[in-house]
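Following: one structure in structure tokens, then a few remarks.
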Amino acid sequence: MASKSRLVSLIPGDGIGPEVTEATIRVVDALKLGIEWEPLEAGGEVAIKYGTVIPDHVFSSVQKNGVALKGPITTPIGGGFTSANVTIRKKLGLYANLRPALSIPGLKTRYEDVDLIVVRENTEDLYSGLEHIVVPGVVESLKIITEGASLAIAKFAFEYARKNGRKMVTAVHKANIMKLSDGLFLECARRIWKDFPDIEYREIIVDNLCMQLVTDPTRFDVLLMENLYGDIISDLCAGMVGGLGVMPAANIGPGLAVFEAVHGSAPDIAGRGVANPTALMLSAVMMLKHLGHEEEGLRMERAVLGVLKEGTTVTPDMKGSASTLEFSDAVIAKL
Ligand code: NAI
């Protein structure tokens, strides 16, 4: 029915983005929920056309619709334009990056019982992009940590924990070295914890966390981090549950949510139709639940996990030989 239709901004991105996006929206469309997509161009290739990597209509569309599904966008290394992904997050105020790392039944990995939630601050830290050459041969990068952003992300992590029956929040830091910046981040986390006495709170130095995570990931629950630590540790967590091809994410801000996979544009496999769409599909599952389609989200999740568990129609990164769209067909058949 027309009254039930819901417009969602769709940013396929570049590299493997359009391939995994097509595979994902076919599954969502098969659920017949009345979701209509508003496709939007963004990335290096559109810069010539619009004079910017993210044309203004991308921001206005996401602001209007409140929800977006996004593929990865390539960022040049060492020079060129500023990351489109970082710009989208900053400009839309998407301050919280939520990355669940859950073991997938039947998927052979080093660990079987990973159940971690990475909550990453999304707008500041070393990603502020404030860099300059002091004198030739000396470069300064500014790490920005503010009380406002630190309080907001800590509140998000504790609220998420309470709402989702999680027991513990661990703040990750290097405040022994960066006493002021990481010190402020910890101080904010402790202040917010006062309102959540039902949740256990711990702190851990980031290098120790890496060692402990690969030794025994069950020691942790919700991990609260600044931007850079969150970026790195969430890839480590992805490695523990089957790789970048399977880890979903959501970027949340006031009244806005952009769902995207953790992985990048994978230029090494782009255009070959072999990318694993699982991560974007599981991001779409998060999107469906966010939109209130809890039951259909679970249905899609079960179908994706079912195909992975069977292992017969999986992509090459999972030691299979299926194409991206064959995987998508198998998921649709399971719905
Ligand atoms: P990447 O995640 O694109 O690739 C790392 C490795 O994982 C590659 O070997 C790739 O083939 C593999 N991989 C990633 N996703 C896969 C999938 N769905 N199926 C199968 N294999 C997959 O990371 P990389 O190479 O560091 O970044 C490439 C580009 O992506 C860069 O320009 C980077 O800035 C951008 N990027 C964009 C992100 C975003 O749009 N949110 C996030 C991370 C990186």
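The values are calculated or read from the model by the stated rules, or taken from the named source; none is laboratory data. Quick caveat: nothing in here was measured; it's all calculated off a predicted structure. With ideal geometry, Cβ positions are generated from the backbone for all residues, glycine too; neighbour counts draw on all protein chains shown. Note: areas computed on protein heavy atoms with side chains; ligands, DNA, RNA excluded. Shrake-Rupley method; radii C 1.70, N 1.55, O 1.52, S 1.80 Å.
Looking at the stretch 84-92, is at least one residue of a type in the set (S, T, Y), within 12 Å of the ligand (Cβ to nearest atom) and within 28 Å of V172 (Cβ to Cβ)?
yes
Can you tell me which of (1) more than 15 Å from the ligand (Cβ to nearest atom); (2) under 30 Å from K319 (Cβ atoms) is the one A149 doesn't meet?
Going through (1) more than 15 Å from the ligand (Cβ to nearest atom); (2) under 30 Å from K319 (Cβ atoms) one by one, A149 breaks only (2).
Anything in the stretch 183-200 that is more than 17 Å from V118 (Cβ to Cβ), touching a strand residue (DSSP E or B) at 6+ places or on another chain (Cβ under 6 Å) and part of a helix (DSSP H, G or I)? List them, or say none.
Selection gives L186, W193.
Any residue in the stretch 246-272 that's assigned to a loop (DSSP other than H, G, I, E, B) and among the aliphatic types (A, V, I, L, M): show its pairings with residues that are within 6 Å of the ligand (Cβ to nearest atom) and open to solvent by 40 Å² or more (accessible area, probe 1.4 Å) at Cβ separation under 7 Å, as long as the two are six or more apart or on different chains.
Filtered contacts from the stretch 246-272: V262/L244.
Condition (residue is open to solvent by less than 30 Å² (accessible area, probe 1.4 Å), on the phi < 0 side of the Ramachandran plot, touching a residue at least 60 places away in the same chain (Cβ under 8 Å) and in contact with a strand residue (DSSP E or B) (Cβ under 7 Å, 6 or more places away or on another chain)) applied to the stretch 41-59: is it met by at least one residue?
No, the conditions are met nowhere in the stretch 41-59.
Which is of a type in the set (V, I, T) and either open to solvent by 30 Å² or more (accessible area, probe 1.4 Å) or under 12 Å from the mean Cα position of the chain (by Cα) (or both), of V246, V241?
V246
Answer with yes or no whether K108 is surrounded by fewer than 22 Cβ atoms within 10 Å (Cβ to Cβ), under 29 Å from L256 (Cβ atoms) and more than 13 Å from the ligand (Cβ to nearest atom).
no
When you go through (1) in contact with a strand residue (DSSP E or B) (Cβ under 8 Å, 6 or more places away or on another chain); (2) under 21 Å from H263 (Cα atoms) one by one for I35, which number turns out not to apply?
(2)
Kindly establish whether G255 is within 16 Å of the ligand (Cβ to nearest atom) and at positive phi.
no
So which residues in the stretch 209-231 are in a helix (DSSP H, G or I) and open to solvent by less than 60 Å² (accessible area, probe 1.4 Å), if there are any at all?
Correct list: L209, C210, Q212, L213, P217, N227, L228, Y229, G230, D231.
Would the stretch 155-166 turn up any residue that is over 20 Å from H290 (Cβ atoms) and either in a strand (DSSP E or B) or at pLDDT 95 or above (or both)?
The answer is no, given that none of the residues of the stretch 155-166 is over 20 Å from H290 (Cβ atoms) and either in a strand (DSSP E or B) or at pLDDT 95 or above (or both).
Among the residues of the stretch 132-165, write down those that are open to solvent by less than 50 Å² (accessible area, probe 1.4 Å) and either in contact with a Phe, Trp or Tyr (Cβ under 7 Å, 6 or more places away or on another chain) or within 10 Å of A189 (Cα to Cα) (or both).
I145, A149, S150, L151, A152, I153, A154, A157, F158
So for the stretch 56-78 (the condition being at pLDDT 85 or above, in a loop (DSSP other than H, G, I, E, B), farther than 24 Å from E226 by Cα and not charged (D, E, K, R)), does at least one residue qualify?
So far as the stretch 56-78 goes, yes, one or more of its residues are at pLDDT 85 or above, in a loop (DSSP other than H, G, I, E, B), farther than 24 Å from E226 by Cα and not charged (D, E, K, R).
Is it fair to say E296 is out of contact with any strand residue (DSSP E or B) (no Cβ under 6 Å at 6 or more places or on another chain), in contact (Cβ under 8 Å) with a residue 40 or more places away in the chain and more than 7 Å from the ligand (Cβ to nearest atom)?
yes
Can you go through S234, S283 and tell me which one is within 11 Å of the ligand (Cβ to nearest atom), under 22 Å from V67 (Cα atoms), surrounded by 17 or more Cβ atoms within 10 Å (Cβ to Cβ) and polar (S, T, N, Q)?
S283
Inspect the stretch 61-73 for any residue being in the same structural domain as P248 (by TED's automatic domain parsing), within 14 Å of the ligand (Cβ to nearest atom), surrounded by fewer than 24 Cβ atoms within 10 Å (Cβ to Cβ) and more than 28 Å from R272 (Cα to Cα) and give the result as yes or no.
no
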